[in-house]
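Here's the structure, in structure tokens; my notes come after.
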Amino acid sequence: MHMSLYRKQREKGAMMILLLTMIPLFLIPIVGLAIDGTMCYLVQAKLAGAVDGAALGAGRLLGTPANTNEIAGEFLNVNFPTGWWRTRNLQPNITSSLNAGIDTINVSATVDVPLLFMRIFGLDHSTVAASATATRSDARVELVLDRSGSMTIAGSDGVVAFPVMIAGVENFVGMFTPGRDELGMVAFGGSAIVGYPTGRPYNTSPTSAGGPDTGFATNSTTGPLFTQLNAMNGGGGTGMAEGLSLAFIELQKAHNRDFTANGADNRQNSIVLFTDGVPTTLAVQPNYNAGLSATVVSSSSSCTYKATQTSGSTHIMQGWVGVPGSNASNWGTPLGLYDLATYDTSKTLTQWLGYMSPYDQITTNPSGALAGCSGLNNPGASGSPDNLNELSAVPTYDVYGNSTSSTDNGYQNSTQVYNGTAYDPTKPTHGYHLAIGIWNAVDNVGKTIRAQTVMGTPITIYTIGYEGNGGTDDVLLKRLANESDSTSFVASQPQGQFYPVTASNQLGAVFAKVGSNILRLAK
């Protein structure tokens, strides 16, 4: 019995010794796997960083003539040197493509990591991989430029802003790539006109020819758009609502053209508005508002065609009305009705851009619609007064369907136009009330543009306000850009930016900032 117990104890001891001797055999593959796995992890992390850097570095040049595939390869080789941690057989795969306005570069790579401990199991190496993609949307930009009379006089810094603005815009245009990006331009004084593309007569249909295009320049300093910019001169009022309305139409034209050609359109849409003041004019049709409202020509008017006109009538009163002055404290007697440059083909586009005197403050063309009027400006008639006495109210809508009323009384946030008196549209001959109606139209066209759903991608509005000529309406410009601290911010709409400029020598840098903002990568 004692012998049997002794034998059992000896067998247990032998078993324990056997188990202890076998433990290293189990640990070796576990430890080896951990070490080799760590090596693979570190190499993969290094490779992923190199691939990301290659995609981003080359991606910044998408849409330019640069060979982005070659540049991506150079970035990859610099960031993942040959033989790093004894790796071998680096296999990059770099491709790029353009699809409906989106440039894409894809960078992927594999590399073999030599294994140490796992060789005893016949595993010589492990292959790790990484990939990254960078994209850039080709840009579509409509410039909306203020060329009002105040731009031609010396500002608070003693400098005339107009030539400085032109230089800044030219540098801005040079940031974009002809043949890839699309640019267009609208200029506005008392009325607005599309300066580029140069097609005339102008067609307001969003499906007609026109819109920003890739042929705006031949290089960074010359081309058709540069020619049009240099043809511009300043003078007149500030028809901001019409300028923005034409910009919206032009963007739609380009979208429809590209969508028809490609079956898709993914361009990044932007409007860049530059102004040195507050809006002072409005394009209107007092006896016709595209069917939106009845005539606002007074029933007691002497005008022959004071009744509401039908579409296509040659007697539709069409022109711009406005207010002299720059803010609520000095609005004068309203002006009107003057010619709209967009619709008058009696002068060429070059003449309209460079027309120095009396700008677009001339008789409407045709003038027959104003027959019999004694209270609407008609320079062709002897002794015609310069006022809006023929009107019973501020036109409810402008030519482009923008309401002159406000749904949120946003004008009351503006110290430039609001003096504490509520807007009364029944007082069109009072400069203060007409100015508020004009302000409302500008605010409303901004809302329409940002909320649009007729294009493939949203439209972002950037506003630049040069404050050296009496001050801009920062409240309005922030609302147009939909800045987060504006009085009408809508989180679901594209958020642009307002850039206040206090001195003319800042304009070049600000235009460059806006250009960089537009050209930023969509990653």
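Which pairs turn up if I take residues in the stretch 386-409 that are assigned by TED's automatic domain parsing to the domain that holds V323 and look for partners that are basic (K, R) and at pLDDT below 95 with beta carbon separation below 7 Å, at least 6 apart in sequence or on another chain?
Taking only residues 6 or more apart or on different chains, not a single pair turns up.
L98 fails exactly one of the following numbered conditions: (1) of a type in the set (A, V, I, L, M, F, W, C); (2) assigned by TED's automatic domain parsing to the domain that holds F188; (3) modelled with pLDDT under 95. What is the number of that condition?
Failed condition: (2).
Within the stretch 141-159, how many residues turn out to be over 14 Å from M232 (Cα atoms) and touching a residue at least 40 places away in the same chain (Cβ under 8 Å)?
8
Out of the stretch 441-459, which residues are in contact with a strand residue (DSSP E or B) (Cβ under 7 Å, 6 or more places away or on another chain) and among the polar types (S, T, N, Q)?
N444, Q452, T457
Within the stretch 221-275, which residues are more than 20 Å from the chain's Cα centre (by Cα) and under 23 Å from I464 (Cα atoms)?
Once the filter is applied, which keeps residues that are more than 20 Å from the chain's Cα centre (by Cα) and under 23 Å from I464 (Cα atoms), the stretch 221-275 yields T221, T227, Q228, N230, A231, M232, N233, G234, G235, G236, G237, T238.
Can you tell me which condition Y400 does not meet? The list is (1) in a loop (DSSP other than H, G, I, E, B); (2) modelled with pLDDT of 95 or more; (3) more than 28 Å from A254 (Cβ to Cβ), and all the others hold.
The number of the failed condition is (3).
Could you tell me whether any residue of the stretch 412-433 is surrounded by fewer than 18 Cβ atoms within 10 Å (Cβ to Cβ), in contact with a strand residue (DSSP E or B) (Cβ under 8 Å, 6 or more places away or on another chain) and at negative phi?
yes
Among the residues of the stretch 66-89 satisfying the criterion of being of a type outside the set (D, E) and in contact with a Gly (Cβ under 9 Å, 6 or more places away or on another chain), which is surrounded by the most Cβ atoms within 10 Å (Cβ to Cβ)?
The initial filter retains those residues of the stretch 66-89 that are of a type outside the set (D, E), namely 66-69, 71-73, 75-89.
Still in the list and also in contact with a Gly (Cβ under 9 Å, 6 or more places away or on another chain): 68, 71-72, 75-76, 78-80.
Numbers: T68: 25, I71: 18, A72: 28, F75: 21, L76: 22, V78: 12, N79: 17, F80: 23.
That would be A72.
Checking the structure you have, find out if any residue of the stretch 477-494 is buried (at least 21 other Cβ atoms within 10 Å of the Cβ), outside any helix (DSSP H, G or I), out of contact with any Pro (no Cβ under 8 Å at 6 or more places or on another chain) and among the polar types (S, T, N, Q).
No, the conditions are met nowhere in the stretch 477-494.
Working only within the stretch 99-127, note down all residues that are exposed (fewer than 13 other Cβ atoms within 10 Å of the Cβ) and under 24 Å from N266 (Cβ atoms).
N99 - this is the single residue of the stretch 99-127 that is exposed (fewer than 13 other Cβ atoms within 10 Å of the Cβ) and under 24 Å from N266 (Cβ atoms).
The values are calculated or read from the model by the stated rules, or taken from the named source; none is laboratory data. As the structure is a prediction and not an experimental result, all values here were calculated from the model. So basically every Cβ, Gly included, is an ideal-geometry build from the backbone, and we count neighbours across all protein chains shown.
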